[in-house]
Amino acid sequence: MPPRFRPIYTLSRFGAWTGGLWGLAALAGCSGRQSALEPAGRGATDIANLFWGMTVGAFAIWLLMVALTFYAIRKRRDTPGTQERRSRLLIVGGGVVFPTVVLGGLLIYGLSMLPPLLASAPPGSLKIHVSGEQWWWRVTYQPPGETPLVTANEIRLPVGEPVEFELESPDVIHAFWIPSLGGKMDMIPGRRTRLVLEPTRTGTFRGVCAEYCGASHAIMAFDVIVMEKADFARWLDEQRQPALAAGAPENPLIAQGRARFFANGCTACHTIRGTDARGVIGPDLTHVGSRLSLGAGALPNDIDGFARWLTQTDQVKPGVLMPHFRMLPAHEVHALAVYLESLQ
Ligand code: CUA
């Protein structure tokens with residue numbers, strides 16, 4: 001090999017190795033309950049297949065290019081006539097025919113996947129209306145022929161059934177994305193967008209906001225629980241019940257917490273069905289204690305989590321509308337936390 005090609009040769013070898021290693025390292029992080037590469041839904045499976053098709057295609061082209069580079073470096077110089085013919089062949093073959101065939105093929109493959117991803121759910125399917133708020137999720141279940149049910153920050157779905165999501169936002173643009181189940185969709189003020197998801201296996205997954213929407217964009221997640229159909233129907237029935245059955249025996253601390261909830265004006269923003277709390281600015285709290293997390297994925301759902309949320313809303317979620325309540329005495333915060341956690 002001529003000495004002037006030696007640095008290119010060394011660089012190419014280095015590039016080949018590090019490229020492969022980086023690729024493997026990046027893929028090693030792509031698993032878990034928020035992974036598009038571990039699909040649990042029909043759309044996500046199609047998208048993962050498209051990803052692997054594109055990746056294998058890109059890898060094959062990369063290998064070909066590396067092989068051509070080595071060949072060019074090691075090859076002896078052609079006579080001028082042959083050189084011209086080969087150059088023309090390389091430009092027409094490698095610069096026009098090859099990319100047209102490969103990119104055309106990948107484009108057809110990608111486009112052929114769009115119709116099923118954009119298809120609407122069959123009539124009579126469960127509809128779920130989700131509104132992206134700053135920075136949480138207002139979720140309204142609309143089972144066909146039944147009254148709507150409002151919850152927040154957690155979505156439960158029956159396995160094996162297409163569900164139609166109607167997506168909206170009152171003020172800023174968000175994007176609704178459950179990587180394990182399917183593609184993402186923008187939530188645009190003044191417009192209603194739709195997304196059909198069909199979970200293919202049960203499990204707990206994580207949804208996120210995929211569009212920068214303000215200070216707490218990164219603290220705007222939700223749990224997605226895919227359940228057997230019968231379990232889902234039972235859960236929906238339980239969610240329809242008011243917070244506490246009338247006449248149920250009650251812990252005095254819970255009664256105290258509820259009194260403080262009303263005394264501190266929490267009812268102006270929050271609804272707790274079965275009580276006089278009917279505010280609609282913040283999340284519905286009727287069964288808040290039964291959710292997997294607090295503050296849209298910000299804190300664990302336990303008494304300490306509630307106490308931390310009440311006293312440090314501004315630190316847990318910068319820019320949030322809900323004021324903090326650090327001015328309250330500790331025993332009052334504790335009673336409030338015990339009450340909220342009891343709302344199962
Ligand atoms: Cu909502 Cu980002």
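The values are calculated or read from the model by the stated rules, or taken from the named source; none is laboratory data. Predicted model, so just to flag it, every value in this text is computed and none were measured. All Cβ positions, even for glycine, are placed from backbone atoms using ideal geometry, and neighbour counts span all protein chains on display. Just so you know, the surface numbers come from the protein's heavy atoms only, side chains and all, with ligands and any DNA or RNA stripped out. Shrake-Rupley method; radii C 1.70, N 1.55, O 1.52, S 1.80 Å.
Details
- Within segment 242-272, the set of residues being at pLDDT 90 or above and part of a loop (DSSP other than H, G, I, E, B) comprises N264, G265, C269, H270, I272.
- Checking L321 against (1) open to solvent by 70 Å² or more (accessible area, probe 1.4 Å); (2) hydrophobic (A, V, I, L, M, F, W, C); (3) in contact with a strand residue (DSSP E or B) (Cβ under 8 Å, 6 or more places away or on another chain), the condition it does not meet: (3)
- Comparison of G279, G305, G257 shows that the only residue that is of a type outside the set (S, T, Y), open to solvent by less than 30 Å² (accessible area, probe 1.4 Å), under 27 Å from the mean Cα position of the chain (by Cα) and not assigned by TED's automatic domain parsing to the domain that holds G207 is G305.
- Test: residue in segment 279-302 that is more than 26 Å from A215 (Cα to Cα) and either at pLDDT 95 or above or not in a helix (DSSP H, G or I) (or both): yes
- Segment 208-229, subset under 24 Å from L114 (Cβ atoms) and part of a loop (DSSP other than H, G, I, E, B), residue farthest from the ligand (Cβ to nearest atom): A210
- Subset of segment 220-240 [aliphatic (A, V, I, L, M) and either within 19 Å of V288 (Cβ to Cβ) or in contact (Cβ under 8 Å) with a residue 24 or more places away in the chain (or both)]: M220, A221, V224, I225, V226, M227, A233, L236
- Of all the listed residues (A58, A67, A48), the sole one being assigned to a helix (DSSP H, G or I), surrounded by 13 or more Cβ atoms within 10 Å (Cβ to Cβ) and modelled with pLDDT of 90 or more is A48.
- If you go through segment 135-146 and keep only what is in contact (Cβ under 8 Å) with a residue 40 or more places away in the chain and away from the ligand (no atom under 16 Å from the Cβ), you end up with Y141, P143.
- Filter result for F205 (in the same structural domain as F165 (by TED's automatic domain parsing), within 24 Å of L181 (Cα to Cα), open to solvent by less than 20 Å² (accessible area, probe 1.4 Å) and more than 16 Å from the ligand (Cβ to nearest atom)): yes
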